[in-house]
Structures are given as structure tokens and as C-alpha cells.
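Chemist: Pasting in a structure now, in C-alpha cells, and then I'll have a few things to ask.
The values are calculated or read from the model by the stated rules, or taken from the named source; none is laboratory data. Remember, predicted model here, so these are calculated numbers, not experimental data. A quick note on method: Cβ atoms are made from the backbone with ideal geometry, for glycine too, and the neighbour counts reach across all protein chains shown.
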Amino acid sequence: MAASTSPCFYPSLVEPTFKRHTSVLSQSSPNVWPKHLKHSNRALHVCMCSSFVGDLVSNLPLDDIQHIFQDNDTVASILRTGMSAVSELPEEQRWQTLGGAAVGWVYLTARPNVLWGAVDAFVLAPLQFVADKALRRRSYSRKDFLVAQRVGEGSFGTVYAGALVPSNLELEDELGRRSRRPEEVDGYKSFQKVILKKVKVGVSGAEECGEVEEWFNYRLSRAAPDVCADFMGSFVADATRGQFTEGGKWLVWKFEGDSTLADFMKDRNFPENLSEAMFGIRFQNRDPVSRDALIIKKITRQIITSLKKVHDTGIVHRDVKPSNLVITNRGKVKLIDFGAATDLRVGKNYVPNRAMLDPDYCPPELYVMPEETPKPPPAPLAAALSPLIWQFNSPDLFDMYSVGIVFLQMACSNLRTQVGLQSFKAELERAGYDLKRWRQNTRLRPNLEILDYDGGKGWDLATKLVCERSFLRRGRLSAGAALRHPYFLLGDDQATTVLAKLSLTK
Ligand SMILES: Nc1ncnc2c1ncn2[C@@H]1O[C@H](COP(=O)(O)OP(=O)(O)OP(=O)(O)O)[C@@H](O)[C@H]1O
């Protein structure tokens, strides 16, 4: 992967790597830096120095760090020098320079916003690392957690529920070869609940997948923290006990909720079973179709809003499906499982011709980018090209097809079972991914009244999400365009949320 071979450009790509280097650099002066840092190529040297900014900053006292970032005089003097240099240019050159700067600004801030990516990589990521160190956050070990029951298992990891042992509590030694279970510790119910993912040991690709998931979680915890599960960090087990295997990596998140959208959809009462979580009330005296339509609209709006934030940072999730959407007790929909995600700003986890997908939710094009797209170049070049790549390929539309399938499943009970979904997929394929044609010919006899409700705006949205792309790789709504669709414009779900809150506070 380009990202892993080019750590110099993007320090946050290698958060674990620069953690490893910290101790070396902390004791070394620039004269004794490793040879590869003294490369004669100036640009490369700058990149390499930048990648170690985290190490250097992390070893500065906090006062010094504050001083650097508060030194407005330096910034002002750089700006003054730049302005006076431009004003001294002849008129024609001055306009050319200003025009070039404006075009550059537009290019760098166009999706996926390379400029903000650089700020994230060179400023926010090192600062996050420093803050985590200073506050002793995210520096966990095996003994900080109690592992409870298994809640899921994918190809590369096993997921457990668990609890974080409070820092003031010293637990006695483990029981023989196994570690303690939460219920064996007094007061465990008051401990913070967590979700732990054990990266499988000895499974090909598992380690890489764990590293990718950790990278995406750190990145999103800075770029869009409210849309995904709260990432607490990772640790490597120091001994083999119970579920722990010495050297095995674990990722940890805050426990966000008992159920995913898939769990709620299995219930016959869906979507009414989400009315309290979504609106804080149970709707009485409301026509069931309008009630269900309202709940589904609120969920769909949240999914699309979250994806918009994720796409704005250059990331495509690639595995949007009900089991990867956790519903919190407060009715917030959170995205999980970024193991298949790709960051097209720098080419992270993008391998041409490798489809990482759930066939039930993946669009007909199968890949985020055209199959002939070559391997991404080194990260700096990939970042420089990424606005063009987004303009020409709209990779975000990959996720939007999956959203369309989730939307259809929520609205139409026939599609919620595995068999129903697969029959739908086969029929849709025969209909050339044209939802209107599918509707005319389907034998599933779907009840689409929720989509037809309110003038059929929901149905119209579905047809614009679940469709093939045009030859220009467009023709499917992006997250931003979907939120501007008439289905969402009236905002009846938002108004009902406000009214429900007001009625509860009375
Ligand atoms: N932060 C969280 N809060 C609550 N539950 C979670 C959280 N993260 C994961 N889960 C639960 O764990 C399950 C598995 O998580 P995840 O999808 O990340 O693992 P996975 O190894 O990729 O499994 P799969 O391949 O089945 O999706 C989820 O379906 C969800 O029920």
C-alpha cells in the first residue's frame, strides 16, 4: 500500500510507527538521527522531518508547545513578507500570482480537501498524540480490561463486550491460565463498558486489517468524531491468558449501544421499536404508515449525514449495512467497522481490483474506482491528485448505493430477510438495476406504501440511490445531493424531534 510505504508525508498514517520511534529520537540530537533522515533531496528531507514532528513535539514540555502555537507574531510576519513581496511585483505578474493562489486555494479545498488533510496530518495528528500522552489517554494494557462475552466475529477479528477497570483499582492476580471475568469483580456494573476487537493471530491479512481499522478510527476521531463509535485506542497483549494471546493486538471502543440497525430490523415491530430511541416518545393516535415513514426518515437522514461527513474527508466506508450501524440509547446512529474503508485522499487501503464487499449491499460496479485505475502513487502525489480523482470518479457513490439498499430494507419488510434480499438482488440485476422496471416485474409483491407515502418522495429517492452509474460515473445521488432531495427538504422528522423534546420537558 502506498500509505505504508510513504510514511513521511502523512504522519497520521503511521501513528503506531512514530510511537515506536519516540524513544529513539527523544534522546538524539539532529546530528545522530538515522542516516535516512539526512537524505540530500530537500523535499524528501522536509517530508521525513514532518513525519517525525509527532516525536519531536511529544518530547517538548507543554508550555513550549503552547508557545509555538501562540506565536502569532511569527505568522503575521510571514504573511507581511508574502504580501509585500507580491505588492512589489509588476502589475501583470501580481495578478497572475493572485490568480494562481486563488485557483490553488479552490483546488486544495475542493473535495476531499487536501489542505485540511495536511493540517490534520501535520498539526492535529501530532497534537492528538501529545494530548493523549499528557492526559495518559489511550495508553492501555491487557490488565486495564475485563473481557466478557463474544458479540461478533469477522474474518479478521473477534469482537467482545468488556469493561474498563478504573485506574484506582488494583486487581488481584489472574485465576490460573485465564483472566478475570467482569462478574468476578465487585462493582463491575459501574465500570465503563467497552467493545474490544481481538485481531486474529496467524490469519493472513488480519494484522493489516487491524492496522487499517486503527488508522481509520484515529483519523475519524479527529475529522468526524460524532459519526462513528468512540475509539479509545489499542494495546498489544503482554501474556497469553484467557482470550489474550501474547503479542496479539486489541482495539478498544466505548460501548455505544446494545443493538445495531440489523438487530432492530429482525424484530416484527420494526420500525416502531425505534420510535422511543429516535423521538423519545411512543406515537399514539398516529396513522402507522406516517409514523413508520417518519422513523425511517430520521434514521436515513442520520446515516446519510454521517456518510457526508466521512466522504468530505476523502474516506469511503465500503461496508455500509445494517449490522455496521449501531443505534445508541439516545437514538444516534453510529458507523462502525472501518476495516474495509479506503481513504482516497492518500490512497490508504486502496488496492486496485480488490473488492472488499458484502455482495448484498455492494453496487453493481463492485469497485470504488474504475477497474483500470492503477495502484495509488506515493501519498504526496496521491494527495495532490485526489481532487481530480474525486471529480472524475465520485467514489463516494459506492456507499450511496448501499444506503439505498438499507433504505429499501427499512421501508419494505419483504427485503429484511436474507432470502428476500437475495431474491430482490437477483430480480434487480435482471431489471438492469432499474428500480422502476423491477417494480413492474417483481414477483416479491413488496409493500411499498411507506415509500409511496407523501407523494412518493421516498420512492423517488430510492430510485436515485439504487441505480447504475452513467458512463460518466455519475447518475447516483451523493450524500449532499440526497440531503437536498425533496424527501428530506420538509424536515418533518426534525420538526417532530423538536416537538417531542418540548412535550417531554413540559
Ligand atoms: N462501539 C460499539 N458499541 C456497541 N456494539 C459494538 C460496537 N462495535 C461493535 N459492536 C458490536 O460488535 C459487532 C461486530 O463488530 P464489527 O462489525 O466491528 O466486527 P467484525 O469483526 O467486522 O464483524 P463482522 O464481520 O461480523 O461485521 C457489531 O455488529 C456490533 O453488534
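Chemist: I need every pair where a residue in region 338-359 that is more than 26 Å from VAL326 (Cβ to Cβ) has its Cβ under 6 Å from the Cβ of a residue that is modelled with pLDDT under 85 and of a type in the set (A, V, I, L, M, F, W, C), sequence separation at least 6 or different chains.
Modeler: VAL346/ALA3; VAL346/ALA379; VAL346/ALA382; VAL346/ALA383; GLY347/ALA2; GLY347/ALA382
Matching residues to (1) more than 24 Å from VAL130 (Cα to Cα); (2) among the hydroxyl-bearing types (Ser, Thr, Tyr); (3) more than 16 Å from the ligand (Cβ to nearest atom):
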| site | (1), (2), (3) |
| --- | --- |
| VAL201 | yes, no, no |
| ALA223 | no, no, yes |
| PHE231 | no, no, no |
| THR240 | yes, yes, yes |
| PHE244 | yes, no, yes |
| MET265 | yes, no, no |
| PHE279 | yes, no, yes |
| ASN285 | yes, no, yes |
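Chemist: Of all the residues that make up region 468-503, how many are over 27 Å from the mean Cα position of the chain (by Cα) and crowded, with 18+ Cβ neighbours inside 10 Å?
Modeler: Residues flagged as over 27 Å from the mean Cα position of the chain (by Cα) and crowded, with 18+ Cβ neighbours inside 10 Å within region 468-503 amount to 1.
A quick yes/no check of all residues on (1) under 30 Å from GLY117 (Cβ atoms); (2) assigned to a strand (DSSP E or B); (3) free of Cβ contacts under 8 Å to residues at least 24 places away in the same chain:
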position: LYS189; (1), (2), (3): no, no, yes
position: SER204; (1), (2), (3): no, no, yes
position: VAL212; (1), (2), (3): yes, no, no
position: ARG219; (1), (2), (3): yes, no, no
position: PRO225; (1), (2), (3): yes, no, yes
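Chemist: Mind checking which residues of region 468-487 are in contact (Cβ under 8 Å) with a residue 60 or more places away in the chain and either in contact with a His (Cβ under 8 Å, 6 or more places away or on another chain) or within 19 Å of CYS412 (Cβ to Cβ) (or both)?
Modeler: Hits for region 468-487 are LEU477, SER478, ALA479, ALA482, TYR487.
Chemist: From the residues in region 264-275 that are surrounded by 15 or more Cβ atoms within 10 Å (Cβ to Cβ) and touching a residue at least 40 places away in the same chain (Cβ under 8 Å), which one is farthest from VAL419 (Cα to Cα)?
Modeler: Among those residues, the one meeting the criterion is LEU274.
Chemist: Taking region 310-350 only, how many residues are within 15 Å of the ligand (Cβ to nearest atom) and over 17 Å from ALA382 (Cβ atoms)?
Modeler: Of the residues in that region, 24 qualify.
Chemist: For the list (1) at positive phi; (2) loosely packed, with under 12 Cβ neighbours inside 10 Å, I need the number of the one condition that ARG138 fails.
Modeler: (2)
Chemist: Exactly one of (1) among the hydrophobic types (A, V, I, L, M, F, W, C); (2) within 16 Å of the ligand (Cβ to nearest atom); (3) in contact with a Leu (Cβ under 7 Å, 6 or more places away or on another chain) is unmet by LEU164. Its number?
Modeler: Just one mismatch for LEU164, condition (3).
Let's see how each residue does on (1) aliphatic (A, V, I, L, M); (2) under 30 Å from GLY331 (Cβ atoms); (3) more than 20 Å from the chain's Cα centre (by Cα):
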position: GLY162; (1), (2), (3): no, yes, yes
position: PRO166; (1), (2), (3): no, yes, yes
position: ASP186; (1), (2), (3): no, no, yes
position: SER190; (1), (2), (3): no, yes, yes
position: LEU196; (1), (2), (3): yes, yes, no
position: VAL201; (1), (2), (3): yes, no, yes
position: SER204; (1), (2), (3): no, no, yes
position: CYS209; (1), (2), (3): no, no, no
position: ASP238; (1), (2), (3): no, no, yes
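Chemist: Among the residues that make up region 440-450, is at least one of them closer than 15 Å to THR300 by Cβ, surrounded by 14 or more Cβ atoms within 10 Å (Cβ to Cβ) and touching a residue at least 40 places away in the same chain (Cβ under 8 Å)?
Modeler: yes
Chemist: Turning to a different aspect of this structure: Restricting to region 129-152, give me the number of residues that are within 27 Å of GLY347 (Cα to Cα) and at pLDDT 85 or above.
Modeler: Number satisfying all stated conditions: 1.
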